[in-house]
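Q: Let me give you the structure first, and then I'll get to my questions.
The values are calculated or read from the model by the stated rules, or taken from the named source; none is laboratory data. Everything numeric in this text was worked out from a predicted model, so none of it was measured. Methodologically, a virtual Cβ is constructed for each residue, glycine included, from the backbone with ideal geometry; neighbour enumeration extends over all protein chains shown. Ligands, DNA and RNA are excluded from the accessible area calculation, which covers all protein heavy atoms including side chains. Shrake-Rupley method; radii C 1.70, N 1.55, O 1.52, S 1.80 Å.
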Amino acid sequence: MKTFYNKIELSAYIEALKAKGHSVGFVPTMGALHNGHLSLVRAGFDKNDVVVVSIFVNPTQFNNSEDLLKYPRTLDDDVALLNSVSKTAIIVYAPSVEDIYTTKIEAQKFKFDGLEHEMEGAFRAGHFDGVGTIVKRLFEIVKPDYAYFGEKDFQQLQIIRKLVALHHLPVKIIGCEIYRTDDGLAMSSRNTRLTSQHRAISPFIYKTLKTAKIKFGTKSAQNVTEWVIKQFKNESLLELEYFIIADIETLKPVKRKSTKKTYRAFIALYAGDIRLIDNIALN
Ligand code: PAF
């Protein structure tokens with residue numbers, strides 16, 4: 001497996017592959033890879049000859065400096081995991097902060113038709129400017145044909161689709177289903193930081209989402225939301241930050257259900273000091 005630390009060398013290598021007619025898939029990550037990431041890489045091989053995986057903990061998308069500091073950095077383990085998927089057709093790009101940000105570690109300001117103000121945008125100031133900045137920069141460096149993003153970060157996925165549309169970026173975005181552990185917890189690099197007590201209670205999140213989905217079949221969004229809030233009040237180990245049922249196009253909370261629209265329920269919560277998010281398709 002080839003690993004690049006420098007964008008110029010990486011771009012030259014990819015250009016040469018493209019000149020030979022190879023198509024390039026791209027999976028951007030912040031490392032601490034797990035089976036969820038590997039499922040994106042495997043999806044990448046459905047349509048592409050090679051898959052580039054970037055491993056970069058992007059400072060401009062963290063609004064909490066302690067979270068940035070504590071974010072797991074496990075490059076050797078990540079490369080070993082990727083090797084188990086393919087020894088020859090994966091290219092790793094693990095840049096330094098300087099290779100990406102050159103002189104100033106600063107996010108560009110973006111407008112994503114209001115998607116950036118909802119949910120994660122409301123609770124994590126500047127987060128989507130940071131995500132937009134790094135993803136656009138990585139697309140410019142890698143120039144992939146297809147790029148793969150997990151639906152666990154569904155708002156991020158919709159924002160990246162919007163970024164591509166508004167900036168006419170020549171890449172096709174593929175959203176991939178949430179990868180869950182056997183007990184239902186959505187895979188996340190943050191899961192390794194859960195205490196055993198919090199890890200043990202965490203299946204409660206998906207269990208509650210699944211029941212909320214059933215209830216949404218017959219009840220109003222408000223009714224379902226009140227029910228979820230009550231469940232979390234009774235579960236002292238998990239602190240609910242938000243539960244929102246939203247239209248998947250606008251990400252705005254649903255006021256009145258319409259059969260013409262598609263909805264998803266989104267949740268963010270704290271398990272101790274670890275912030276987790278998850279979501280579920282409702283109709
Ligand atoms: O989803 C992530 O891991 C990050 O937000 C991404 C897309 C790699 C950008 O840093």
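Per-residue answers, yes or no, for (1) within 16 Å of the ligand (Cβ to nearest atom); (2) at pLDDT 95 or above; (3) under 21 Å from the mean Cα position of the chain (by Cα):
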| position | (1), (2), (3) |
| --- | --- |
| Ile8 | no, yes, no |
| Ala19 | no, yes, no |
| Thr29 | yes, yes, yes |
| Ala32 | yes, yes, yes |
| His37 | yes, yes, yes |
| Val52 | yes, yes, yes |
| Ile55 | yes, yes, yes |
| Gln61 | yes, yes, yes |
| Ser65 | no, no, yes |
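Q: Regarding segment 213-223, can at least one residue be identified that is more than 16 Å from the ligand (Cβ to nearest atom) and buried (at least 19 other Cβ atoms within 10 Å of the Cβ)?
A: yes
Q: Could you check, for segment 180-193, whether at least one of its residues is in a loop (DSSP other than H, G, I, E, B) and over 18 Å from Lys152 (Cα atoms)?
A: Among the residues of segment 180-193, not one is in a loop (DSSP other than H, G, I, E, B) and over 18 Å from Lys152 (Cα atoms), which makes the answer no.
Q: Does segment 211-246 hold any residues that are among the acidic types (Asp, Glu) and either in contact with a Cys (Cβ under 8 Å, 6 or more places away or on another chain) or assigned to a helix (DSSP H, G or I) (or both), and which are they?
A: Glu226
Q: When both residues are 6+ apart or on different chains and their Cβ atoms are under 6 Å apart, which pairs have a first residue that lies in segment 130-145 and is touching a residue at least 40 places away in the same chain (Cβ under 8 Å), and a second that is within 11 Å of the ligand (Cβ to nearest atom) and hydroxyl-bearing (Ser, Thr, Tyr)?
A: Gly130/Thr60; Thr133/Thr60; Leu138/Ser54
Q: Tally up the residues in segment 258-271 that are touching a residue at least 40 places away in the same chain (Cβ under 8 Å) and either within 19 Å of Thr211 (Cα to Cα) or open to solvent by 40 Å² or more (accessible area, probe 1.4 Å) (or both), please.
A: Final tally of qualifying residues: 7.
Q: Where in segment 3-121 are the helices (runs of 4 or more DSSP H), entirely inside, with at least 1 residues that are crowded, with 21+ Cβ neighbours inside 10 Å?
A: 7-19, 35-47, 75-83
Q: Among the numbered criteria (1) assigned to a helix (DSSP H, G or I); (2) more than 16 Å from the ligand (Cβ to nearest atom); (3) surrounded by fewer than 18 Cβ atoms within 10 Å (Cβ to Cβ), which one does Pro170 miss?
A: Every condition holds for Pro170 apart from (1).
Q: Related question: Among the residues of segment 196-212, are any within 16 Å of the ligand (Cβ to nearest atom) and aromatic (Phe, Trp, Tyr)?
A: There is no residue in segment 196-212 that is within 16 Å of the ligand (Cβ to nearest atom) and aromatic (Phe, Trp, Tyr).
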